[in-house]
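Report on the following structure.
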2 protein chains.
Amino acid sequence: MKISSAIQNLQRSLIRKIFEESLNYQNVINLTIGDPDIATPKELVLEAVKRVERGHFGYPPSGGGLEIRKLVAENYNKHFGTSYDAENVIMNTGSSEALACAVRTILDPGDEVVIFAPYYPAYVPLVEMSFAKPVIVDISKTNFKITPELLATVLTEKTKAVIFCNPCNPTGVVMSKDEISAICDYLADKEVFILADEIYNRIVFTDYVSFGSFPQIRDKLIITNGFSKSHSMTGWRMGYTIGPKELYPYFLNNSGFTVGSPAVLSLEAAKIALTKFDDLAWLAAEYKKRVDFMTPALKSLGYGVVPCEGAFYLFVNYEKISGKDSLDFAIDMLKQVQVAVVPGKAFGTEGYFRLSLTVGVEKLAEAVERLKNYK
Amino acid sequence: MKISSAIQNLQRSLIRKIFEESLNYQNVINLTIGDPDIATPKELVLEAVKRVERGHFGYPPSGGGLEIRKLVAENYNKHFGTSYDAENVIMNTGSSEALACAVRTILDPGDEVVIFAPYYPAYVPLVEMSFAKPVIVDISKTNFKITPELLATVLTEKTKAVIFCNPCNPTGVVMSKDEISAICDYLADKEVFILADEIYNRIVFTDYVSFGSFPQIRDKLIITNGFSKSHSMTGWRMGYTIGPKELYPYFLNNSGFTVGSPAVLSLEAAKIALTKFDDLAWLAAEYKKRVDFMTPALKSLGYGVVPCEGAFYLFVNYEKISGKDSLDFAIDMLKQVQVAVVPGKAFGTEGYFRLSLTVGVEKLAEAVERLKNYK
């Protein structure tokens, strides 16, 4: 039986491949996936549980309901100087569904979407699942910077959107205000959507500016975000999209037919997160400690490390250590010293691997000891 | 800014339209949406809560994990005489996402999908969102029966799938074993997927046979189901897909990129539902009571009622009461007597409305009293 060509042709996840490979070894230090070791705050869970016990388990309102949508808008405005209100926001089933919904809402078959490598792996299949074409632009050789000049070389009449990930997974790079400003000025009069994946923007160690604070792109900007990383709530599947009010009915139709609505308990947890757990400095500080430990440690072993200014990943160049292809390198490292990392290939960039800082410093120190023995 | 043509052209939900209209009136008896008044069993909630407190909130395993997939397969086999195992099952974010995932996994632009009217409203947009074409076949004039002869008149070289809803939302019709058997024999050697939406199959008042019990269509059968209706768990967003093992990697990729995974707590609740709350006779009995009250009551007022053999809806013919178009009729009924129902038009069939039996007999009796005054 023939299935959809788009689905048939999707690449298998390299992250999953490495994970499965890792099951063949004992005592692996797993630094592959972006699932925080830090638990959802206990008090948040207990409060959500209390609301469960009151027992409202019907379908939540379409789009998540006005209360949470307003809270999200106000929270974004407070932290990022934006000026959104409830009508700009729809709640999604994780930022995965926010992204999927955004992409599907805007793309027609044959459209082109500009994606910068190294990229978050889901961008490519999401575009392909809409029968559209990812246009990959390598920025690993140009210090991971994006300029209007670079955009000018890749935009075509078919370009429907450009995706930015800021802070960037996998590099940890945070775009500067000047960099974003120049991009926004350039794109302001283009018929091109800007998708800003800002899921890591509560975990930053430098100045941070949201795409949402640039009024000149307001009509074309779609921000995706969620609670998975900011509140260690990955398993709750709670995300959201902020965009032009005119798009809301379309997001609502698309998301409604795809998932119905987010889970009602997860919506309650998100409300609690926004109202009672909005001080997240402690979380960023914990990740910063790990960055500050791991960066010099890897450098002292001869690795190149992209300076991490946000999120909780290190993007590591191993070309002085090995000439291997990144998948072979990651498998070899797993085999030799039982440290699991994601090959750069998964993000469209050879010569690197990504290391998740989702274990504590003690475990990271153990990983460093093991890497000393890697040949 | 131009968005996706597929999303741009989606019809607005008539159910939502009626719902919004109903907000203009006081003291409305809302019989529109399929959200049970019966609560998720309290003990199930409390047990799920206990598991919350143990505090595992990371990403659940891809596809939901082997434990729950095995439980689902065994439960289906037990109730419906099928022979599935864990490898046939993927867990989804509600049966909405099960349906969306199934449709997207198999469809290419231009494919045709046969849908019988009256239909569950989401089928049409889901097909359109894949840039494919819904082929609507009216069975309201032929006693809601589907035959090989009927299929033969609508299948073309472009037909990629046929969708069956059994028990049927909105009619409450349950397909007989002979009816399904003849369909399966006919489709067995066709290159056409069978999508069987069996979400209501724990709420039946007659003999029931799953499409899964017909081996001749095993390679082409995709069943979607979930816990929303069987366990009154709509707000938990917990569904699943059962299909050929060969499709599992594609479902996994598709669902993984769309939503990540179901919410971890909802997966736990589903495990409890399957292991400790599998006796659902009381639930079916409660709905049957409502069917048995409401059917003769409506008939005595001059309405035609499709005999309800499953699910919790009555599909009601009003042509002896009014010559209005179904949307006008529903709005007029709301205006005159403040009873909200869904116009047949929402399901592709004029001359009818759908009434949800998601309130108790006392409230239904009040609705009947009001309908007596409708002119």
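The values are calculated or read from the model by the stated rules, or taken from the named source; none is laboratory data. Given the structure is predicted, the values throughout are model-derived calculations rather than measurements. As a convention, Cβ positions derive from the backbone with ideal geometry for all residues, glycine included, and neighbour counts pool all protein chains shown.
Couple of notes before you dig in:
- Just one residue in the set B:Thr224, B:Thr153, B:Thr171 is in contact (Cβ under 8 Å) with a residue 40 or more places away in the chain, over 30 Å from B:Ala48 (Cβ atoms) and in contact with a strand residue (DSSP E or B) (Cβ under 9 Å, 6 or more places away or on another chain); that residue is B:Thr171.
- Considering region B:1-12, and only residues there that are hydrophobic (A, V, I, L, M, F, W, C) and facing another protein chain (nearest Cβ under 7 Å), the residue that is surrounded by the most Cβ atoms within 10 Å (Cβ to Cβ) turns out to be B:Ile7.
- Qualifying residue in region A:148-163 (condition: in contact with a helix residue (DSSP H, G or I) (Cβ under 8 Å, 6 or more places away or on another chain), assigned by TED's automatic domain parsing to the domain that holds A:Lys229 and hydroxyl-bearing (Ser, Thr, Tyr)): no
- Residue check, B:Tyr240 surrounded by fewer than 24 Cβ atoms within 10 Å (Cβ to Cβ), out of contact with any His (no Cβ under 7 Å at 6 or more places or on another chain) and either more than 9 Å from every other protein chain (Cβ to nearest Cβ) or in a loop (DSSP other than H, G, I, E, B) (or both): no
- Scope region A:128-155; condition more than 10 Å from chain B (Cβ to nearest Cβ), outside any loop (DSSP other than H, G, I, E, B) and not small (Gly, Ala, Ser); matching residues: A:Lys133, A:Pro134, A:Val135, A:Ile136, A:Val137, A:Asp138, A:Pro148, A:Glu149, A:Leu150, A:Leu151, A:Thr153, A:Val154
- Residue count, region B:66-98 (criterion: hydrophobic (A, V, I, L, M, F, W, C), under 14 Å from B:Leu247 (Cα atoms) and in contact with a strand residue (DSSP E or B) (Cβ under 7 Å, 6 or more places away or on another chain)): 4
- Within region A:115-127, considering residues that are facing chain B (nearest Cβ under 9 Å) and free of Cβ contacts under 8 Å to residues at least 60 places away in the same chain, the one surrounded by the fewest Cβ atoms within 10 Å (Cβ to Cβ): A:Ala122
- Restricting region B:246-265 to residues that are in contact with a Gly (Cβ under 9 Å, 6 or more places away or on another chain) and part of a helix (DSSP H, G or I), the residue that is surrounded by the fewest Cβ atoms within 10 Å (Cβ to Cβ): B:Tyr248
- All told, A:Gln26 falls short of being outside the structural domain of A:Leu252 (by TED's automatic domain parsing), surrounded by fewer than 19 Cβ atoms within 10 Å (Cβ to Cβ) and under 22 Å from the mean Cα position of the chain (by Cα).
- Residue check for A:Asp328: under 26 Å from A:Asn201 (Cα atoms) and over 21 Å from the mean Cα position of the chain (by Cα): no
- Options B:Ile38, B:Ile15, B:Ile68: the member that is in a helix (DSSP H, G or I), under 19 Å from the mean Cα position of the chain (by Cα) and either surrounded by 13 or more Cβ atoms within 10 Å (Cβ to Cβ) or not hydrophobic (A, V, I, L, M, F, W, C) (or both): B:Ile15
- Total residues in region A:217-237 satisfying the condition of being assigned to a strand (DSSP E or B) and of a type in the set (Gly, Ala, Ser): the figure is 1.
- When the criteria are applied in full, A:Glu21 meets the requirement of being away from every other protein chain (no Cβ under 12 Å) and either more than 19 Å from A:Thr93 (Cβ to Cβ) or touching a residue at least 60 places away in the same chain (Cβ under 8 Å) (or both).
- Qualifying residue in region B:248-258 (condition: out of contact with any helix residue (DSSP H, G or I) (no Cβ under 9 Å at 6 or more places or on another chain) and within 12 Å of another protein chain (Cβ to nearest Cβ)): yes
- Check on A:Ile199, crowded, with 23+ Cβ neighbours inside 10 Å and part of a strand (DSSP E or B): no
- Residues being within 21 Å of B:Val192 (Cα to Cα), out of contact with any Asp or Glu (no Cβ under 8 Å at 6 or more places or on another chain) and of a type outside the set (A, V, I, L, M, F, W, C) - total across region B:147-176: 3
- When region A:264-305 is filtered for residues that are of a type in the set (Gly, Ala, Ser) and within 21 Å of the chain's Cα centre (by Cα), the ones remaining, listed by number, are A:Ser266, A:Ala269, A:Ala270, A:Ala273, A:Ala281, A:Ala284, A:Ala285.
- In region B:24-39, residue nearest to the other protein chains (Cβ to nearest Cβ) [restricted to those that are in contact (Cβ under 8 Å) with a residue 12 or more places away in the chain and touching a Leu at 6+ places or on another chain (Cβ under 9 Å)]: B:Pro36
- Scanning region A:129-165 for residues that are crowded, with 20+ Cβ neighbours inside 10 Å and under 21 Å from B:Ala100 (Cβ atoms) yields A:Met129, A:Ser130, A:Ala132.
- Breaking point among (1) surrounded by fewer than 22 Cβ atoms within 10 Å (Cβ to Cβ); (2) within 12 Å of B:Pro170 (Cα to Cα), for B:Val306: (1)
- All of B:Glu112, B:Glu97, B:Glu53 fail the test of being out of contact with any Phe, Trp or Tyr (no Cβ under 9 Å at 6 or more places or on another chain), modelled with pLDDT of 85 or more and within 8 Å of chain A (Cβ to nearest Cβ), apart from B:Glu97.
- Within region B:276-300, the set of residues being surrounded by fewer than 13 Cβ atoms within 10 Å (Cβ to Cβ) and in contact (Cβ under 8 Å) with a residue 40 or more places away in the chain comprises B:Lys276 only.
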